[in-house]
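Data block below; observations after.
The values are calculated or read from the model by the stated rules, or taken from the named source; none is laboratory data. None of the values given here were measured: they were computed from a predicted structure. Cβ sites come from the backbone with ideal geometry, for glycine too, and all protein chains shown count toward neighbours. Surface areas here come from the heavy atoms of the whole protein model, side chains and all, with no ligands, DNA or RNA. Shrake-Rupley method; radii C 1.70, N 1.55, O 1.52, S 1.80 Å.
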Amino acid sequence: MEIKSSAYIISSPDYTKCPSPDRPEYAFIGRSNVGKSSLINMLCNSSSLAKTSRTPGKTQLLNHFIINDDFYIVDLPGYGFAKVSQKQRKNWEKMIEDYLRKRENLVNVFVLIDSRHDPQKLDIEFINQLGKWQIPFSLVFTKADKENQKTVSANVKSFLNKMKETWQFLPNHFVTSVVKKTGREKILAFIAEMNEEFKI
Ligand code: GDP
């Protein structure tokens, strides 16, 4: 898929304030600093669409972007901040749960995982929650250029093996690097395919 245009639309405090659900929508989420903004920018061929390295935990909003006038990308606030209060965490949980379960045009959630690490409890817990809510998702292993290929492959395998302990089917997954533009074409092709299905 060719990216002809991409633009920021709005940041919303909850799903009821989001743009009208008239186009397929793809959400991106992961731990803070996992590389989410960088990935969105890489996919859209932009250097500044999503803001990288925001103050952790500060922005608790659902950020909408429109791509090719055809579909939405949503940058969701990340999880796993050490410094947020109990109240902020509860607000985040409510906002994310409502958005994920009630946004009617949400086609797929891309869950970003840092490819440099062993399976992390927080990521697994989040994914299991998506499973309970029956929300379709894919895994995106980020920052693949930061370690050698062998380590990245071992970490991906180890993550999928961890999932196999409780999941009957594994989700599809992508390995990405914004530095090398790895994974871009595959993710965009996947989105293009889902966009077609949305029309039917
Ligand atoms: P976010 O908090 O999840 O939105 O993460 P950012 O996109 O702000 O990225 C966090 C840091 O990781 C920044 O310094 C990025 O430049 C860096 N980063 C993100 N993706 C990659 C990648 O694929 N390769 C490398 N080498 N660095 C990355």
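Plugging the Kirkwood radius over Cα pairs into Stokes-Einstein for segment 6-199, at a temperature of 20 °C and a viscosity of 1.002 mPa s, what D comes out in µm²/s? D = 126 µm²/s. Annotation: Glu185 carries an accessible surface of approximately 110 Å², with a 1.4 Å probe and no ligand, DNA or RNA atoms counted. Between His173 and Ser158, the modelled label-to-label distance comes to 1.2 nm, taking each label 7 Å out from Cα in the direction of the beta carbon. The alpha carbon gyration tensor of segment 1-90 gives principal lengths a ≥ b ≥ c with a/c of 1.5 or higher and a/b no greater than b/c, which makes the shape oblate.
Note on Arg89 and Asp22: the model spin-label points, each 7 Å out from Cα along the C-beta direction, lie 4.1 nm apart. Where only DSSP H runs of four or more residues are counted, the chain gives -11000 deg cm²/dmol as its mean residue ellipticity at 222 nm, each run worth -39500 (n - 2.57).
Per residue, the solvent-accessible area of the chain (1.4 Å probe, heavy atoms of protein chains only, all protein chains present) comes to 53 Å². Could you identify which residue out of Ile29, Ile135, Ile73 has the top mean-square fluctuation in a GNM of the chain using Cα springs shorter than 10 Å? Maximum among the listed residues: Ile135. Normalising the average separation of contacting C-alpha pairs (under 8 angstrom, six or more residues apart) by the number of residues puts the relative contact order of the chain at 24 percent. Between the C-alpha center of segment 180-200 and that of segment 125-151 there is a gap of 17 Å. Top mean-square fluctuation among Leu39, Leu106, Leu188, Gaussian network model of the chain, C-alpha springs under 10 Å? Highest fluctuation among the options: Leu188. Ordered by 1.4 Å accessible area with all protein chains kept, Arg101, Arg184, Arg23 run largest first as Arg101, Arg23, Arg184. When the Gaussian network model of the chain links Cα atoms closer than 10 Å, the mean-square fluctuations of Asn68, Asn105, Asn172 top out at Asn172. Overall, the accessible surface of the chain at a probe of 1.4 angstrom is composed of carbon and sulfur to the extent of 50 percent. Using a simple spin-label model with pseudo-atoms 7 Å out from Cα toward Cβ, Ile124 and Ala82 lie 2.2 nm apart. Between Asp14 and Glu197, full extension at 0.36 nm per residue minus the direct alpha carbon distance yields a gain of 63.2 nm. Length available on full extension from Glu185 to Ile135: 0.36 nm per residue minus the Cα-Cα distance, which gives 15.6 nm.
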